[in-house]
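The values are calculated or read from the model by the stated rules, or taken from the named source; none is laboratory data. This structure is a prediction, so every number in the text was calculated from the model and none was measured. When we count neighbours, we look across all protein chains shown, and the Cβ atoms used for this are built from the backbone with ideal geometry, even at glycine. Side chains are part of the model used for accessible areas, which takes the heavy atoms of the whole protein and leaves out ligands, DNA and RNA. Shrake-Rupley method; radii C 1.70, N 1.55, O 1.52, S 1.80 Å.
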Amino acid sequence: MKIVTLDFETYYSDEYGLNGSTTIEYIRDPRFKAHMVGIKIDDGPVRILIGDAIARHFYNNRGSYEKACVVCHNAQFDGTILSEVYNIHPKLLLCTMLMAYGVYGPHLESYSLDALSESLLGERKVQGVLAQSKGLETLPTETLTAMAGYCRQDVGLTYKLFQKMKGLISPAELRLVDLTNRFYTQPKLEVDVELLQDFLGKYNDYQQRVLDSVGLSLADLRSDARFATVLEGLGVEPAIKKTKKGEGFAFAKTDSFMQELLEHEDTTIAALAAARVGMRSSIEQTRVEKFIRVGSTGAMPVPLQYCGAITGRFSGRKGEALNLQNLPKKSRVVSGTHPLRMSLMAPKGHKVVVVDSAQIEARGVGVLADERWLVEAFRNKRDVYSEFASTLFSRAITKADEKERFVGKQAVLALGYGMGFAKFAVNLHSGVAGPALTFDEGFMYETDACIEMITSSPRKYEMAMANKPRLIGEQEWLVHCAVCDWVVGVYRGTNTNITGLWKELEKYYPVLCEGGEVAANFGGVEFVFDKGVVHLPSGRKIIYPNIRMEGRKPVYDYRETRTRVIQKSLWGGTSLENYTQAITRDVIGVHMLKISEQYPVVGMVHDEVVAIAPDEEAQECLEFMIQVMQTPPKWMKHIPLGAEGEIGNNYGECK
């Protein structure tokens with residue numbers, strides 16, 4: 001296949017550019033203009049095209065481009081220009097920036113062309129050229145000449161980076177890079193702008209009613225300091241929590257303090273907390289407005305960051321403000337599914353088809369640990385949540401026992417990675433993974449004995465009290481923690497192979513820290529350990545930068561932001577979490593590629609794949625996707641996969 005490396009140089013000004021704008025808005029703006037494009041075919045010289053010659057070239061060579069592999073450094077930018085402006089859709093669209101994420105993980109300070117060229121090639125880009133063109137729709141000869149040299153160098157560096165990395169990433173992963181790019185450059189989902197405009201009007205009305213009800217301004221509610229002053233005036237001492245920067249008020253909607261305020265017996269305080277939660281952030285409003293702006297210009301792109309997490313999982317792409325990975329499910333303003341989800345529509349004559357890889361992480365944990373009852377329960381399509389809950393409560397639990405089954409579900413999904421009772425208690429109480437739940441004394445037998453297990457242990461008691469919500473009594477919280485401690489104990493006693501695997505994984509830390517390649521088999525799945533690297537059965541790897549032993553635990557450098565690196569420690573539970581999330585990500589990657597051979601895959605959200613199909617093929621598409629997502633990959637043939645899905649006119653109808 002012919003390799004075409006290219007790079008566009010485009011017009012920008014103080015008023016118009018990528019700062020403060022999404023890529024798609026910038027390119028669809030009437031002011032968009034390509035000054036030039038640099039094109040390199042295979043290892044030939046770079047050709048510079050300027051002005052009208054650009055459109056003529058792409059018009060005359062459309063057929064050859066659609067048979068070629070196009071390589072850019074930021075394909076979300078250059079590839080979208082090809083698609084939106086010149087109607088060019090390459091057979092394969094690769095991106096050296098995304099490839100760098102795949103090869104080196106999310107650990108580099110910068111993935112810019114300049115930074116990668118310096119660190120991987122020992123070359124630096126020419127500086128200061130683009131600034132000469134700022135605000136100029138027509139470039140003088142001197143600026144054109146300088147920009148042509150700049151563009152030629154960019155294309156050359158991109159080609160060199162591609163040549164350096166292409167052998168370090170598998171063909172399947174290159175296809176995933178291509179698919180990730182197409183989620184953005186060839187969007188298919190449309191936006192119901194009218195629905196969102198109606199919602200925005202209702203949102204603004206709701207906002208004003210809330211402010212009127214508490215007699216405060218929006219600034220009062222959004223300011224931590226002012227909100228704290230208002231609480232103190234009502235006799236409530238604001239709770240403090242530890243933050244990355246030191247200490248701060250526990251005013252986030254997921255903080256237990258705010259959850260308690262929402263249920264406060266004083267209706268004024270409860271209303272104030274509800275107003276704060278509803279008004280604190282304009283993220284919901286901003287996102288709706290962004291959807292309206294983008295949707296008014298055409299289909300909605302799906303910006304995903306390939307290998308955005310250390311495990312290789314996809315994440316929302318930074319800087320786009322269109323993150324579809326965390327769309328809210330509900331709104332305080334209207335009933336039913338959130339309008340943002342309902343607004344993402346299939347094009348005319350098509351349906352949205354969404355299939356979720358059911359409980360894939362719990363299934364992965366069961367396989368790696370060879371936890372027989374769990375694996376067989378999944379394989380035989382038994383109700384795993386009810387089955388474990390039956391063990392917990394020593395009686396048959398069915399779906400009719402909603403509360404008990406919910407506890408079983410949370411245990412199966414949350415405790416496989418070693419979560420302790422204190423965090424489990426906080427998560428259940430605050431409703432992190434479902435309806436908020438606080439256990440009382442009537443929930444189990446021998447509550448007093450379980451409480452004594454905590455109060456008789458200074459360490460356990462300290463852990464419990466460190467997380468106690470401010471507005472809940474000590475005895476009430478001890479009961480809740482005691483039940484959570486009991487649930488954790490039963491889970492670990494029932495799943496001894498899982499707890500045993502935590503210890504087994506820790507045996508490989510010396511290899512991770514010191515080197516010396518060692519192969520290992522967990523539940524019939526092959527891994528290879530070496531210094532700072534875990535090689536996965538799919539061929540990918542997890543990288544732990546600068547991993548070393550500090551005391552009895554391994555510690556590695558984790559890049560939290562571009563400028564902030566922190567130290568993270570590992571133990572058996574977190575290692576199992578990393579390895580499980582990595583291999584399940586790879587399973588879903590295999591499935592996405594297989595589905596894309598038959599139907600357009602338009603996005604993915606965590607463990608679900610989103611596709612579109614013609615109306616008359618929607619049911620066939622759903623059945624095909626479920627079949628694919630129940631088929632294990634060749635490197636993990638014994639994992640019992642499950643899948644379930646829905647068909648809808650929009651994304652919201654499927655979720």
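So, in region 405-441, of the ones that are assigned to a loop (DSSP other than H, G, I, E, B) and of a type in the set (Val, Ile, Thr), which residue ends up least open to solvent (accessible area, probe 1.4 Å)?
The extreme case among them is THR438.
Identify, from the list GLN259, GLN208, the residue that is under 30 Å from MET342 (Cβ atoms) and crowded, with 17+ Cβ neighbours inside 10 Å.
GLN259
Look through region 541-587, keep the residues that are of a type in the set (Lys, Arg) and within 22 Å of GLU109 (Cβ to Cβ), and return whichever of them is modelled with the lowest pLDDT. So that I can check it myself, show each step before the final result.
Applying the first criterion (of a type in the set (Lys, Arg)) to region 541-587 yields 541, 548, 552-553, 559, 562, 564, 568, 585.
Filter once more, so that each one left must be within 22 Å of GLU109 (Cβ to Cβ): 541, 548, 559, 562, 564, 568.
Values: LYS541: 96, ARG548: 95, ARG559: 90, ARG562: 79, ARG564: 86, LYS568: 94.
Per the stated criteria, the residue is ARG562.
Looking at region 127-151, which of its residues are in contact with an Asp or Glu (Cβ under 9 Å, 6 or more places away or on another chain) and open to solvent by 30 Å² or more (accessible area, probe 1.4 Å)?
Of everything in region 127-151, those that are in contact with an Asp or Glu (Cβ under 9 Å, 6 or more places away or on another chain) and open to solvent by 30 Å² or more (accessible area, probe 1.4 Å) turn out to be GLN127, LEU130, GLN132, LYS134, GLY135.
With (1) within 25 Å of PHE314 (Cβ to Cβ); (2) free of Cβ contacts under 8 Å to residues at least 60 places away in the same chain as the list, and VAL129 as the residue in question, which single condition is left unmet?
(1)
Which residues, taken from region 220-231, are in a helix (DSSP H, G or I) and either within 16 Å of THR268 (Cβ to Cβ) or open to solvent by less than 50 Å² (accessible area, probe 1.4 Å) (or both)?
ASP220, LEU221, PHE227, ALA228, THR229, VAL230, LEU231
Looking at (1) open to solvent by less than 60 Å² (accessible area, probe 1.4 Å); (2) modelled with pLDDT under 85; (3) out of contact with any Asp or Glu (no Cβ under 7 Å at 6 or more places or on another chain), which is the one condition that is false for GLY201?
(2)
Whether any residue in region 637-648 is open to solvent by 40 Å² or more (accessible area, probe 1.4 Å), of a type outside the set (D, E, K, R) and over 18 Å from the mean Cα position of the chain (by Cα) is what I want to check.
yes
From (1) in a strand (DSSP E or B); (2) in contact with an Asp or Glu (Cβ under 8 Å, 6 or more places away or on another chain); (3) farther than 30 Å from ALA172 by Cβ, pick out the condition that doesn't hold for PRO469.
Checking PRO469 against (1) in a strand (DSSP E or B); (2) in contact with an Asp or Glu (Cβ under 8 Å, 6 or more places away or on another chain); (3) farther than 30 Å from ALA172 by Cβ, the one that fails is (1).
Give just the number: which of (1) closer than 24 Å to PHE291 by Cβ; (2) surrounded by 18 or more Cβ atoms within 10 Å (Cβ to Cβ); (3) of a type in the set (D, E, K, R) does GLU15 not satisfy?
(2)
Please tell me if CYS654 is over 23 Å from the mean Cα position of the chain (by Cα) and surrounded by 21 or more Cβ atoms within 10 Å (Cβ to Cβ).
Working: over 23 Å from the mean Cα position of the chain (by Cα): no; surrounded by 21 or more Cβ atoms within 10 Å (Cβ to Cβ): yes.
So CYS654 fails the test.
One residue is enough: does region 375-385 have a residue meeting the conditions more than 23 Å from GLN581 (Cα to Cα) and outside any loop (DSSP other than H, G, I, E, B)?
No, there is no match, as no residue in region 375-385 is more than 23 Å from GLN581 (Cα to Cα) and outside any loop (DSSP other than H, G, I, E, B).
Residues to consider are LEU196, LEU174, LEU216; find the one that is at pLDDT 90 or above and either open to solvent by 20 Å² or more (accessible area, probe 1.4 Å) or not in a helix (DSSP H, G or I) (or both).
Checking each option against the conditions leaves just LEU174.
Conditions tested, residue by residue: (1) under 24 Å from the mean Cα position of the chain (by Cα); (2) touching a residue at least 40 places away in the same chain (Cβ under 8 Å); (3) loosely packed, with under 15 Cβ neighbours inside 10 Å.
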| residue | (1), (2), (3) |
| --- | --- |
| THR494 | no, yes, no |
| GLY500 | no, yes, yes |
| LYS503 | no, yes, yes |
| GLU506 | no, yes, no |
| LEU512 | no, yes, no |
| VAL525 | no, yes, no |
| LYS541 | yes, no, no |
| GLY551 | no, no, yes |
| LEU576 | yes, yes, no |
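Between a residue in region 84-99 that is among the aromatic types (Phe, Trp, Tyr) and any residue that is open to solvent by 40 Å² or more (accessible area, probe 1.4 Å), which pairs come within a Cβ distance under 9 Å, given they are 6 or more apart or on different chains?
Close Cβ pairs (under 9 Å, with a partner that is open to solvent by 40 Å² or more (accessible area, probe 1.4 Å)) amount to TYR86/ALA55; TYR86/TYR59; TYR86/ARG62.
Test each condition in (1) at pLDDT 85 or above; (2) more than 26 Å from the chain's Cα centre (by Cα); (3) of a type in the set (Gly, Ala, Ser) for GLY442 and report the one that comes out false.
Among (1) at pLDDT 85 or above; (2) more than 26 Å from the chain's Cα centre (by Cα); (3) of a type in the set (Gly, Ala, Ser), GLY442 violates only (1).
Show the residue pairs meeting these rules: Cβ distance below 7 Å; 6+ apart or different chains; first residue within region 339-357 and closer than 24 Å to GLN197 by Cβ; second residue open to solvent by 10 Å² or more (accessible area, probe 1.4 Å) and among the basic types (Lys, Arg).
That search, which allows pairs on different chains as well, returns LEU340/ARG287; ARG341/LYS655; PRO347/LYS188.
Please verify whether VAL37 is in contact with a strand residue (DSSP E or B) (Cβ under 7 Å, 6 or more places away or on another chain), over 21 Å from GLY149 (Cβ atoms) and not in a loop (DSSP other than H, G, I, E, B), treating the condition exactly as stated.
Answer is no for this residue.
If we keep just the residues of region 46-57 that are touching a residue at least 24 places away in the same chain (Cβ under 8 Å) and outside any strand (DSSP E or B), which is farthest from ALA148 (Cα to Cα)?
ALA55
Examine region 31-45 for a residue that is free of Cβ contacts under 8 Å to residues at least 40 places away in the same chain, more than 30 Å from LEU176 (Cβ to Cβ) and open to solvent by less than 50 Å² (accessible area, probe 1.4 Å), and state whether such a residue exists.
Within region 31-45, not a single residue is free of Cβ contacts under 8 Å to residues at least 40 places away in the same chain, more than 30 Å from LEU176 (Cβ to Cβ) and open to solvent by less than 50 Å² (accessible area, probe 1.4 Å).
When you scan region 237-256, how many residues do you find that are of a type outside the set (A, V, I, L, M) and surrounded by fewer than 18 Cβ atoms within 10 Å (Cβ to Cβ)?
Taking region 237-256 as the starting set, the residues that turn out to be of a type outside the set (A, V, I, L, M) are 237-238, 241-249, 251, 253-256.
Going one step further and asking which of them are surrounded by fewer than 18 Cβ atoms within 10 Å (Cβ to Cβ), we end up with 237, 241-248, 253-254.
Number of matching residues: 11.
Identify, please: which residue in region 50-87 is open to solvent by 10 Å² or more (accessible area, probe 1.4 Å) and among the aliphatic types (A, V, I, L, M) and is, among those, farthest from THR22 (Cα to Cα)?
Looking at the filtered set, the residue picked out is ALA53.
When you go through (1) within 24 Å of GLY308 (Cβ to Cβ); (2) open to solvent by 10 Å² or more (accessible area, probe 1.4 Å); (3) touching a Phe, Trp or Tyr at 6+ places or on another chain (Cβ under 8 Å); (4) not polar (S, T, N, Q) one by one for LEU98, which number turns out not to apply?
(2) is the only condition that LEU98 fails.
Out of everything in region 307-323 that is out of contact with any His (no Cβ under 9 Å at 6 or more places or on another chain) and crowded, with 23+ Cβ neighbours inside 10 Å, what residue ends up being modelled with the lowest pLDDT?
Checking each candidate, the answer is ARG317.
Test VAL488 against the criterion of being in contact (Cβ under 8 Å) with a residue 60 or more places away in the chain, outside any loop (DSSP other than H, G, I, E, B), within 21 Å of SER394 (Cα to Cα) and within 28 Å of the chain's Cα centre (by Cα), and give yes or no.
yes
Residues PRO328, PRO347: which one is open to solvent by 20 Å² or more (accessible area, probe 1.4 Å), at pLDDT 95 or above, touching an Asp or Glu at 6+ places or on another chain (Cβ under 9 Å) and assigned to a loop (DSSP other than H, G, I, E, B)?
From the options PRO328, PRO347, the qualifying one is PRO347.
Would you please name the residue that is surrounded by the fewest Cβ atoms within 10 Å (Cβ to Cβ), looking only at residues in region 101-123 that are over 24 Å from the mean Cα position of the chain (by Cα) and polar (S, T, N, Q)?
Out of the qualifying residues, it is SER119.
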